[in-house]
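The values are calculated or read from the model by the stated rules, or taken from the named source; none is laboratory data. Quantities reported herein were computed from a predicted structural model and do not represent experimental measurements. Because the Cβ atoms are built from the backbone with ideal geometry, glycine has one as well, and the counts that use them run over all protein chains shown. All accessible areas refer to the heavy atoms of the entire protein, side chains included, with ligands and DNA or RNA removed. Shrake-Rupley method; radii C 1.70, N 1.55, O 1.52, S 1.80 Å.
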Amino acid sequence: MKAPRFHLVRPRDLAEALDRLAEPGGLVKVLAGGQSLGPMLNLRLVRPDLLVDVSGLPELRRVGREDDALVVGACVTHADFEDGRAPDVGSGMLARVASGIAYRAVRNRGTIGGSLAHADPAADWLSTLSAFGAEVEIASRSGTRRTPIGAFVTGALATTLAPGELVVAVRIPQVSAQARLGFVKHARKIGEFAHAIGAALVDPERGVARAVAGALDAAPLVIEDARELFDRSAGFDRTEAGRRLAAAGLADTVDRHLHVEALGRALAEAFDAPPGLRRAA
Amino acid sequence: MNGPAQPLEPEGVGARLPRKEDDRYMRGRGQYVADIKMAGMQDVAFVRSPLAHARIRAIRIPDDIRAQVFTADDLDGVNPIRAVSGLPGFKPSEQPVLARGKVRQVGELVAMCVAPTRAEAEDIAERVELDLEELPALHDMLRAREPGAALVHEHWGDNVFLETLVDIGIASAFDAPIKVSRTISTSRQCMAPIEGRGAIAHVDHRLDQLTVTTSCQMPHIVRSGLSECLGIEEGRIRVVAPDVGGGFGYKGILLPEEVCLGWLALRLGHPVRWIEDRREHLTASANCREHHYEITVYADRDGAIRGVDCEATVDSGAYSAYPFSACLEAAQVASILPGPYDFPAYRCRTWSVATNKAPILPYRGVARTGVCFALELALDAVAAEAGLPPEIVRAKNLVRPEQMPFDNITKKHFDSGDYPEALRRAVAAIGAEDVRARQKRGEPDGRRIGLGLSIYCEQAAHGTSVYSGWGIPMVPGHEQAGARITPDGGLELRIGAQSHGQGLETTLAQVANEILGVPVSQIRVVHGDTAMTPYSTGAWGSRMMVMAGGAVATAAKALADRLAAIGAHLLQTDPSEVRFEAGHVVGRAGDVSVAQIARVWYRRPQDLPQGVHGAGLEVTAGYKPVRDSGTFSYAAHAVVVAVDPEVGQVEILDYVIVEDGGVLVNPMVVDGQILGGLAQGIGTALLEEMPFDGAGQPLASTFADYLLPGAAEVPAARIDHMETPSPYTQFGVKGIGEGGAIAPPAAVTNAINDALRPLGVEMLVSPVTPRRIVEAVLAARAAAPARKDAA
Ligand SMILES: Cc1cc2nc3c(=O)[nH]c(=O)nc-3n(C[C@H](O)[C@H](O)[C@H](O)COP(=O)(O)OP(=O)(O)OC[C@H]3O[C@@H](n4cnc5c(N)ncnc54)[C@H](O)[C@@H]3O)c2cc1C
């Protein structure tokens, strides 16, 4: 389990990085935290000719607020959120998600941009940022573009990133003070990837009630109007949730049950349901 | 008086001393195989079979790498690994160190590639092309047992290494009012020491020895194995086990890789190294634990067991592993299934089945974890049937203290102990009454509370009389220890086994300190090197404290006699007039310290009188307990869990262990052994499983798929010690190395079943994963929709 031979460059700035990414000939890969790419290299599942290490680029470590959104550089790490070095959208929402990703050693290096670009369906950022309606900012030598996560991720480990393109930032819309995040991650043990994720953001002031079922074998299932599945007096419509998950390709009944549970519990939390309606079952 | 300052606190048997070896481990100064650098050393990567069962049509090696690649055809004069058991009917397998003709498991070695670095060796390995004709693969031991199944070893005619049967009057139990039958199984596991395997081979021309430095538990046995396979006399082989990062049984085997490397070093003349990586560890190297039970317990209404009837099958994998053989596990099931219980009738049939999987090895607890799981789950089913609390059923059947020493139904000789007391203490400590009250009230979050118990006994340090019966390549006899007083009054101990994390550098020093009074800081334990230590079968079977401890005590006593004799000379008195006390020889008129005696013996022999005995301050002594049928330690485990039936999540809320390991040499080390075993037991109970697909492909190739318990999954258990001495050993010690890993799967699963029983759910397969729980809950709901409201 040793990586095959490759070349590694560490560009000084974004422009140089984009130049190197555009180099013709052979497979060029971006290296950020290396927490997904590293194992894939060692297992020889990917054989790049050139690795462009972007983790030191100052442009990719910036965080700021712009047009009612939090703009987070692609190389901000999970630990940056967990420790509060990177600002949050709502009170501790991103920190909560970040601190549930993997183990501390992985969070120290793993980046938000790398996580989205890798597009593992079980990744925590992918589901939660979908619930936030976040956008991805992408740069290449020929310019920049912006795309909602839903359009960016096209399937398991698949995105619309073209050769020569780099994720530079993630734009997360601001939420109101009343906004509530529901987030449920079913994993076999602490620090493991999810087997089912339910995420829901309910922010009446901004007209948001979005739910996400994640850790499917495909891109997350986004339900733009979560009130179709959850009613504060009637509770969670698990039959309808099950129907939608089945339609999204989730055929296995046990898997579907777990996903329905995760979704129902996330919705109950986001809608601040009374205790009697908290449990999906 | 000069000599080393005596520590203030006692350091001998019973002291809670911090472990000496931890200083280097905690500072990252341990020296493991992969830390060793040698001039000219090259790395080896193996080409391994991608298929579980196939005929080798051709191995194609491009010309430009031909000199760096070796196959079975190159290995002239190398013999296959043969681990034969003497049990009647055993069919031996021949494991070629590089595959010949056929491959029988995924990961089997086919070719050996050598290059300056491992990455380059892997580059070469990738370019070796295997032309394989796939054969039907056996991945299910029950099907492999059936007539007409494909054959792992064609000339056998079936796939059974060994079948055994004992029947001790089972028919007398058939009229019992309670008859409970269950199908119970434990999944295949990979032992997971933090350090994997690894070996360096080089030729020491000065000593005319092939030196194999390997991460192993039994250097002397590996030496014999290498000698048999390579056809070299044992004196020309030296095996060194340096620091070893955990063994657990995984390193109690002669590896084909070790044989290959030995051959390669002799062939190439420069050092060669192979360091196992995680993928090799998980998908290619030895496995453990896969048992299947069809068990029936007959009982009276008051819970008294009338008889146990069982058919047990163990998936032994493709080859018989050296030295323990392919049948140790299954055949042992038959002898230990009765556990700590006394009942009158018993039948057990076992099969050791060959499949297209890696060989099975005895993992910490060996067959006990499986039999404890089977019997303890079945006993809870009996309790449910009888309408009795599980502790009542157990108490009814446990061996009683007044029966000790006790020969059970399979003639296991229990040396001492009070099993009902351990159970009583565990039930009290866990607060069974309160837990059951809470269970009745129900949880606000909808989770369900369950209480689980399990109790076992652990036979340890069983010796010649037990192992000669198995007839495997290794039978332990007297354990030897070397002891030498250094000229400055320190002590060197030499033992032939290997300490791979158990703390023997500390505990053996404590034993010697108890007798000689030399401070533990001045006692060094040399181990793990065939050139520097007496012969030993190694560290396995929880035997080291009893056997190596006994040998060290025997050697230390011999030294004490010699020190006393010389000391008496120095005190100008008769040896019968002196006694040995706290590092001094004390006479009527004064005393001399060990250091003073040593100084005179080595540095000022002119001060010794004529006629002093010449044997000196160095001895090698052998030891066997008064009876070598083994010590019996035991424990009762009690656990409380909260189970979320909708998502199958299990949280351990409380865990109590009441353990009796005889006299404890170092209670802190014993706690460490118990807690480490507990972590592994939790892994067996809830997480660890190596699944295979229909083609015999192992499906977990990284730790992302093969889940081990982490800090968050292991509870902070409360441990209570009882200390019933063994009547047969030095100081009354017993072996305790494995027990921690035996009881948890049964205790945790019984707790889960206690929580879910009202839903009509009973879990009978380990690990009890969320998926298995949810599957069972949904199935129970589908079968009896009415229950949902009742629950
Ligand atoms: C043991 C372990 C457990 C884990 N558990 C979880 C978990 O529970 N939840 C979870 O969400 N994740 C988990 N992860 C994954 C982790 O979060 C990774 O950090 C993340 O998937 C990748 O981020 P990275 O910065 O390390 O990217 P890298 O590994 O460097 O790169 C990943 C991929 O993205 C590409 N890439 C990286 N950055 C960019 C960019 N800016 N633009 C374009 N392409 C880019 C790379 O070329 C590569 O293909 C786990 C990882 C490990 C090792």
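Quick rundown of the values:
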{"read-out": "Gap separating the Cα centres of segment B:673-733 and segment A:181-212, nearest whole Å", "value": "33"}
{"read-out": "Proximal lysines to B:Lys179, defined as alpha-carbon separation beneath 24 angstrom and excluding residues fewer than eight positions away on the same chain", "value": "B:Lys396"}
{"read-out": "Segment A:61-71 - phi-based ³J(HN,Hα) in whole Hz, Karplus 6.51/-1.76/1.60, Gly and Pro as x", "value": "10, 7, 9, x, 9, 8, 6, 6, 9, 8, 10"}
{"read-out": "Within straight-line cross-link reach of A:Lys29, aspartates and glutamates at Cα separation under 17 Å, skipping those fewer than 8 residues along the same chain", "value": "A:Asp13, A:Glu16, A:Asp19, A:Asp49, A:Asp53, A:Asp120, A:Glu165"}
{"read-out": "Estimated FRET transfer efficiency when R0 is 60 angstrom, pair B:Ile36-A:Asp272 (beta carbons, to 0.05)", "value": "0.50"}
{"read-out": "Positions from segment B:107-124 whose accessible area shrinks by 30 Å² or more when the full protein complex is built, not the chain alone, probe 1.4 Å", "value": "B:Ala119, B:Glu122, B:Asp123"}
{"read-out": "Distance between modelled label sites at B:Arg16 and B:Ala695, nm, 7 Å Cα→Cβ extension", "value": "5.6"}
{"read-out": "Shielding by other protein chains, B:767-777, mean Cβ within 10 Å", "value": "3"}
{"read-out": "Derived scalar couplings ³J(HN,Hα) [segment B:730-744; Karplus, 6.51 cos²θ - 1.76 cosθ + 1.60; whole Hz; x for Gly, Pro]", "value": "4, 6, x, 6, 10, x, 9, x, 10, x, x, 8, 8, 7, x"}
{"read-out": "Sequence-separation-based contact order of chain B, relative, with Cα cut under 8 Å and 6+ spacing, percent", "value": "16"}
{"read-out": "Sequence ranges B:167-178, B:421-432, ranked by mean other-Cβ count within 10 angstrom, highest first", "value": "B:421-432, B:167-178"}
{"read-out": "For B:Ser593, net neighbour charge (Lys/Arg +1, Asp/Glu -1) across residues whose Cβ lies under 12 Å away", "value": "-2"}
{"read-out": "Two-decimal ratio, segment B:451-546, of alpha-carbon radius of gyration to 2.2 N^0.38 Å", "value": "1.28"}
{"read-out": "At R0 = 22 Å, FRET efficiency that the Cβ-Cβ distance of A:Leu157 and B:Ala712 yields, to 0.05", "value": "0.20"}
{"read-out": "For segment B:564-581 versus segment B:79-129, the gap between their alpha-carbon centres in whole angstrom", "value": "60"}
{"read-out": "Amide H partners (placed H, <5 Å) of B:Val663, local residues excluded", "value": "B:Ser726, B:Val733, B:Lys734"}
{"read-out": "Alpha carbon convex hull of the protein assembly as shown, projected area averaged over orientations, nm²", "value": "48.0"}
{"read-out": "Axial C-alpha extent at least 15 Å, average Kyte-Doolittle at least -0.5 - helices from chain A (DSSP)", "value": "A:253-270"}
{"read-out": "Size of charge dipole - the protein assembly as shown - debye, nearest 20, with Cβ of Lys, Arg +1 and Asp, Glu -1, no other charges", "value": "380"}
{"read-out": "Peptides B:268-280, A:112-124, B:440-452, B:627-639 ordered by average Cβ neighbours within 10 Å, highest first", "value": "B:627-639, A:112-124, B:268-280, B:440-452"}
{"read-out": "Å³ per residue enclosed by the Cα convex hull of segment A:181-270", "value": "93"}
{"read-out": "With eigenvalues of the C-alpha gyration tensor scaled by 5 and rooted, segment B:590-737, Å", "value": "51, 21, 16"}
{"read-out": "Three semi-axes of the equivalent ellipsoid, segment B:679-730, Cα gyration tensor, whole Å, largest first", "value": "36, 17, 8"}
{"read-out": "Translational diffusion of chain B, µm² s⁻¹ [Kirkwood Rh, Cα pairs; Stokes-Einstein; 37 °C; 0.692 mPa s]", "value": "118"}
{"read-out": "Amide H partners (placed H, <5 Å) of B:Gln649, local residues excluded", "value": "B:Asp644"}
{"read-out": "With every protein chain in place, chain B: carbon and sulfur % of accessible area (1.4 Å)", "value": "50"}
{"read-out": "Convex hull of Cα atoms in segment A:12-105, direction-averaged projection (nm²)", "value": "7.4"}
{"read-out": "For segment B:478-623, size of Cβ-based charge dipole, Lys and Arg +1, Asp and Glu -1, in debye", "value": "100"}
{"read-out": "Neighbourhood net charge (15 Å Cβ-Cβ; Lys/Arg +1, Asp/Glu -1) for B:Arg145", "value": "-4"}
{"read-out": "Interface area, A with B, accessible, probe 1.4 Å, both sides summed, Å² nearest 100", "value": "2300"}
{"read-out": "Calculated from backbone phi, Karplus (6.51, -1.76, 1.60) coupling profile of segment B:636-651 in Hz, x at Gly/Pro", "value": "10, 10, 9, 9, 10, 10, 10, 10, 8, x, 7, 10, x, 6, 10, 10"}
{"read-out": "Average accessible surface area per residue within segment A:58-173, 1.4 Å rolling probe, Å²", "value": "38"}
